[in-house]
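For reference, the structure discussed in these notes is given below.
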């Protein structure tokens, strides 16, 4: 099996099959040690079963992997993906900043069943959570109703959201009450540095809702278990 080449800001790191390579605030590749929102270990490249793999070691947030063929994979915490192409890119956010690493290797790699992410690769120390605010009951209901389709199906289109009117009807609220609470939540998260939640102009309002749903799911502010709070059927 060939070695893996990983590049960050034009600096090459070569990984032998017998080794692993971590990246993060204090990983083998130090991404940004001054960013308090970054996990100490964000992810790990490792070799197993005649294949190279990438695992997301973050407790919150996702990694986006783009292969040379354009195939996009979203890795939620503790998930693993096989590096079956010749090269690819890994992107992730930590607070308001976005980072990118590239990897490459010659030859083809067989697809195999992904191993479970091991506890020994997990981030061992606490990290400040970015853009996470405490939710009251009504705020949690609002976000869960808005994000229901994404919570049920993680592959659903991020723009495929129910209208504000349908969410208000579902919750038994007036449209004004829902809009007021939505504006307040977006303002709170915007003040925490979460981008894309201003939505001052027409078309931006839809983008704002999509960005809000994406953030609250990725940050763990709402989870699938919150679906039990919703009244009736969606």
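Computed from the coordinates by the stated procedures, all read-outs in this text should not be read as laboratory data. Please read all numbers here as calculations on a predicted model, not as lab measurements. Cβ sites come from the backbone with ideal geometry, for glycine too, and all protein chains shown count toward neighbours.
Got a sec? How would 38, 221 order by Cβ neighbour count within 10 Å, fewest to most?
Ordered from fewest to most neighbouring Cβ atoms within 10 Å, 38, 221 come out as 221, 38.
Quick check on the range 137-229: what are the equivalent-ellipsoid semi-axes from the Cα gyration tensor, as sqrt(5λ), descending, whole Å?
Values: eigenvalues 62, 51, 35 Å².
Its equivalent ellipsoid spans semi-axes of 18, 16, 13 Å.
Could you bin all the Cα-Cα distances of the range 4-121 into 10 Å bins starting at 0 and give me the percent of pairs in each, rounded to whole numbers?
Answer for the range 4-121: a P(r) of 14, 52, 31, 3 percent.
When N is the residue count of the range 143-192, what does its C-alpha Rg come to as a fraction of 2.2 N^0.38 Å? Display every interim value, and only then the final one.
Details: Rg = 11.8 Å, N = 50, 2.2 N^0.38 = 9.7 Å.
Taking the Cα Rg and dividing by 2.2 N^0.38 Å, one obtains 1.21.
Spin-label point model (7 Å from Cα, Cβ direction): what's the residue 67 to residue 177 distance in nm?
4.9
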